[in-house]
Amino acid sequence: MGSSHVAVTRDASSQMQAGRIREDRVKYRLSKFVIGPGLRMLARTEVIGAKNVPANGAAILASNHLSVLDSFYLPLMLERPVTFAAKSEYFTGKKPSERVVGAYLRATKQLSVDRAEARAAQDMLESALELLKDGALFGIYPEGTRSPDGRLYRGRTGVGWLALHSGVPVIPVAMVGTQRLLPPGRRLPRPGRIEIRIGEPLLFDEYRDQPAGARQRRQVTDQVIDAIKELSGQEYVPMYASVRKEQLAASPGAEPVR
């Protein structure tokens, strides 16, 4: 009787989880239906390489980051739901435009990350790992923050950690043109054109029997950044974008760079 009770409990749990997944997908599609027409009117968008995103199964989308619009247009143009990590300020804005952003991010199940917390990055990676174990599609910005000037900056090794611990493919993505629609510091977007270039999956099979140490994480991260650079054509800067932002903010008369 005990084993049959356990089986029934597991079946009920599986059914509840499947129900939540279906509900989440409905909310995701509804949010795209509501906000999608406005985004399409704002920018003519072309996707190159959509076939490189698997129809099912876990994968990591690793993209450059030029504008907050990246987190809108990439999920919008993909058939599958994708979860990105976004800084917590995007979820809690008080202005009308900020509330729209927050509502969309919540409806599409994006992860809120409080960058003021010391463990925020690791907590995000561990949450992402659980999503990948469930077969989800997870998006990450290896640079860790938006580029302050449109160039591609050195990658943080979180993407390497996630790739090595999950064992799933990493799909490089280049967002092109979003910074012209809504550059950092600008409040309202302007019309334009966006191109989303999706590269072939990176598998990293050569690291399967190695520890996920600092050297391996750095090597994987650098390969991901190289693949993004090939797709985007951006100039590469061998420093972290956050450091460059600090330099810009320290310049005389400079305005804060977010």
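Listing for the model above:
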| read-out | value |
| --- | --- |
| Residues (surrounded by fewer than 19 Cβ atoms within 10 Å (Cβ to Cβ) and not aliphatic (A, V, I, L, M)) located in the stretch 129-168 | 130, 133, 134, 135, 149, 150, 151, 165, 167 |
| Criterion violated by residue 103 - all others in (1) buried (at least 20 other Cβ atoms within 10 Å of the Cβ); (2) of a type in the set (A, V, I, L, M); (3) over 12 Å from the mean Cα position of the chain (by Cα) satisfied | (1) |
| Cβ pairs under 9 Å, 6+ apart, first in the stretch 142-165 and over 12 Å from residue 239 (Cα atoms) and without any contact (Cβ under 8 Å) to a residue 12 or more places away in the chain, second polar (S, T, N, Q) and buried (at least 23 other Cβ atoms within 10 Å of the Cβ) | none |
| Filter result for the condition that a residue is modelled with pLDDT under 85 and either within 18 Å of residue 167 (Cβ to Cβ) or part of a helix (DSSP H, G or I) (or both), over 57, 102 | 102 |
| Residue in the stretch 149-158 that is modelled with pLDDT under 90 and part of a helix (DSSP H, G or I) present | no |
| Qualifying residue in the stretch 186-197 (condition: free of Cβ contacts under 8 Å to residues at least 12 places away in the same chain, among the basic types (Lys, Arg) and surrounded by 12 or more Cβ atoms within 10 Å (Cβ to Cβ)) | yes |
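Residues checked against (1) part of a helix (DSSP H, G or I); (2) of a type outside the set (A, V, I, L, M, F, W, C); (3) at pLDDT below 75:
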site	(1), (2), (3)
27	yes, yes, yes
40	yes, yes, no
65	no, yes, no
75	yes, yes, no
80	no, yes, no
85	no, no, no
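The values are calculated or read from the model by the stated rules, or taken from the named source; none is laboratory data. Worth saying up front: this structure is predicted, and the values here are computed from it rather than measured. For neighbour counting, all protein chains shown are included, and Cβ atoms are generated from backbone atoms with ideal geometry for every residue, glycine included.
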